1. Residue A:184 versus residue A:527, label points 7 Å from Cα toward the beta carbon: distance in nm?
2. Name the shape class, rounded, prolate or oblate, that the alpha-carbon gyration tensor gives for the stretch A:5-208, where a ≥ b ≥ c are the square roots of its eigenvalues, rounded holds for a/c under 1.5, and otherwise prolate holds if a/b is larger than b/c and oblate otherwise.
3. Note down the nm distance, to one decimal, between modelled labels 7 Å out along Cα→Cβ at residue A:209 and at residue A:342.
4. Against the longest principal axis of chain A, how steep is helix A:527-539, in degrees 0 to 90 to the nearest 10, with axes from Cα atoms?
5. Give me the number: length gained by fully extending residue A:245 to residue A:110, i.e. 0.36 nm times residue separation minus the C-alpha to C-alpha distance, one decimal in nm.
6. Which angle between 0 and 90 degrees, to the nearest 10, do you get for helix A:5-26 versus the longest principal axis of chain A when only C-alpha atoms count?
7. Would chain A count as rounded, prolate or oblate if I go by the C-alpha gyration tensor, calling it rounded below 1.5 in a/c and otherwise prolate when a/b exceeds b/c, oblate otherwise?
8. Tell me the label-point distance for the pair residue A:323, residue A:154, using the 7 Å Cα-to-Cβ offset, in nm and rounded to one decimal.
RNA sequence: GCCGGGGUAGUUCAGUGGCAGAACGCCAUCUUGGUAAGAUGGAAGUCGGGAGUUCGAUUCUCCCCCCCGGCUCCA
């Protein structure tokens, strides 16, 4: 019988309780806080610092330090306890009773206080042997239960854990720090993560899948394929290597060509700007602490290293009188940006400190917003479908820290919602995830490890035009303020390429491949002809590489495959004699024999089609 | 930034309080080949950086840097 996802959730949540029970057996002073089920498993957050009161230094050290090495012991304890967990039993108690019971645990008390404030019934869940279910009165006594485990919980468990949970189908995976209630100002708790499935087989399959996924990790492939590197001299700032630059430039060139045809005009603007520019834009108040700052000899002069393109685009807009006839005015740029992201957040190409966006700022009249959004959606679909990538939209609304008045925000948010609805774009809600100057529609994608990333974004901005006093002359001769749409399609080129590498597992389509074809002469006898072929391909704009190494054909084929180059030409005596090239494809077992001109045609056509 | 785990040859990784190891890659020579690793030889290291303990530290201790998994943040 196939269990539903809902039941999987119940099982995972039950395992979180089992984890807490096991931890308390082994670390009686640990304070459990919360432990939900999550995708593929569960976690539970504990405060292990509780045991700091222990007298001896040695004890203190033992009890406060928990690491991966302790997980097997905890997992073993879980498996020991599981058979005795015959059932879960709900016990309802009053807030005071609950507080009494958890008086040593400030986290639980905080939860209880909150439940009480919200007028919710407080419940405990007992799990353990059938014959020692406590009643509410017993439960709240401070004495330890004879058997089983009690936790503050609103419920959602399997009925009979010992029967419903396969003890070979879960495992503890790793530990991590996590702030209590997700707030940095709160103490950091120790989170223990576990995986859980219905069967051992499913667990093993999941683990095997993750191993497979790691092979596609862009950081690993980037190194293997020589695309990019990082160096400790500039953490979070990628070095693009020759092959990576080819890929990078192909993406940018395609973007340029496409956008030029859509009426975008590219600008390039200064990378260093006086602080005053960012004061005008509002970034100084909201963002200065995360910008790199460049100082000059003059101590009154402080420059911010460009971290976003918008202020400079606004300067360009304002640099000359604009007419309604100029709108929508689409200014695009791909200047390098630097942001001082917190060190712990850096992650390969997916989160970096220096990057380029395929950015554009579109100045529109208010009644042009919707039509322009539709045009941007078209670009998104064109680009993402070209790569066969699946993405989702997210509507991000106002964050805590906003610029402008809330009414304007509400208008902007409603405008976006309406556009999404009318265009039949399903979206998820990104509450409080908007930019400080306006709400936005984000394009979300997952990396190979299942982590979600924001790719492109289309933002609506009523605030910055006001701050920059942007205006255009309308039909009737009056001055009006334009509205700005900030938009990126790829997002950052760096992040996009990271995702792209994983998407293709490094085997890029021909037009993006750093090396498109390898020429493989079998022996020295064919070198001359191979060189001719290689040269001709290069002269026709094909990125060809000649492998004239002193290796066997088998080895050359192996290297070709490992480099994930789309095509190879094997050149032996037969080929030299017949002047027909044997074309091998990365993606197919079959080879074909073609004259050089035919091969060129085939490659050029495939490149033009971006197939 | 915070919690936890790491950093040894170009790469992937073993290892040790007493001369630094393997495989692949690289270089040379031999081999001149028909579809995923031909053979032999050679070079290659500040054991992330600094300080300390020690007769002696790559190994133990402390500080710093960088990377990885999370948390938080993400214009």
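Read-outs: derived from the displayed coordinates by stated rules, not from any lab. Keep in mind that what you see is a predicted model, and the values were worked out from it rather than measured. Glycine gets a Cβ as well: all are built from the backbone with ideal geometry, and neighbour counts include every protein chain shown.
1. Each label point is offset 7 Å from its Cα along the Cβ direction, giving 6.1 nm.
2. Rounded, since a/c falls under 1.5.
3. 3.1
4. On a 0 to 90 degree scale, this one is about 80.
5. Numbers: separation 135, 0.36 × 135 = 48.60 nm, distance 5.33 nm.
Fully extending the segment from residue A:245 to residue A:110 adds 43.3 nm.
6. Roughly 60 degrees between the two axes.
7. It comes out oblate by the Cα gyration axes.
8. Taking the two extended label points, one gets 6.1 nm.
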